[in-house]
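The values are calculated or read from the model by the stated rules, or taken from the named source; none is laboratory data. Everything numeric here is computed off the predicted structure, so don't read it as measured data. Here the Cβ is made from the backbone with ideal geometry for all residues, glycine too, and neighbour counts use every protein chain on show. Heads up: the accessible areas ignore ligands, DNA and RNA and are worked out on the full protein's heavy atoms, side chains in. Shrake-Rupley method; radii C 1.70, N 1.55, O 1.52, S 1.80 Å.
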Amino acid sequence: QVQLVESGGGLVQPGGSLRLSCAASASRSIFSISDMNWYRQAPGKQRELVATITSGGSTNYADSVKGRFTISRDNAKNTVYLQMNSLKPEDTADYYCNAKIRRWGYGDYIDYWGQGTQVTVSS
């Protein structure tokens, strides 16, 4: 069973940095991973797309994080990262990774979600 396992959240002061990781387990069952994404959801707000990286390495960011966050991936490890710099209190949220994964023996890509990791930016 493929699962996305996140790590790296925590409490950080404004201006600080954090690096989130999200690894897909059961790698032997994975045929291909297309887009990998990071979303976030702040208390009382809707979940929003923060950053996307395609299988070819093209990236896209929400305007609110451009120039501060960097998404990357290691295809050999089926892992996506989110480097977050110059963090602001408004970045406080639960962060979720998402990936479109095709398993061996299946023809379609299916959405998988991580369990979420909390990021709190506060002094």
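So L11 passes all but one of these: (1) surrounded by 14 or more Cβ atoms within 10 Å (Cβ to Cβ); (2) in a strand (DSSP E or B). Which condition number does it fail?
Checking L11 against (1) surrounded by 14 or more Cβ atoms within 10 Å (Cβ to Cβ); (2) in a strand (DSSP E or B), the one that fails is (1).
So in region 88-123, with the set limited to residues that are in contact with a helix residue (DSSP H, G or I) (Cβ under 8 Å, 6 or more places away or on another chain) and crowded, with 16+ Cβ neighbours inside 10 Å, which one is nearest to A42 (Cα to Cα)?
V119
Restrict the check to region 61-68 and report whether at least one residue is open to solvent by 40 Å² or more (accessible area, probe 1.4 Å), more than 22 Å from V12 (Cβ to Cβ) and not in a loop (DSSP other than H, G, I, E, B).
No, that holds for no residue.
Residues that are of a type outside the set (V, I, T), open to solvent by 60 Å² or more (accessible area, probe 1.4 Å) and closer than 24 Å to A76 by Cβ: find the strands (runs of 3 or more DSSP E) completely inside region 17-59 holding 1 or more of those.
Ranges flagged: 18-24, 30-41.
How many residues, within region 69-87, are touching a residue at least 40 places away in the same chain (Cβ under 8 Å) and open to solvent by 70 Å² or more (accessible area, probe 1.4 Å)?
Adding up the residues that qualify gives 2.
Could you tell me whether T59 is over 24 Å from S29 (Cβ atoms), β-branched (V, I, T) and without any contact (Cβ under 8 Å) to a residue 24 or more places away in the chain?
Spelling it out, T59 is indeed over 24 Å from S29 (Cβ atoms), β-branched (V, I, T) and without any contact (Cβ under 8 Å) to a residue 24 or more places away in the chain.
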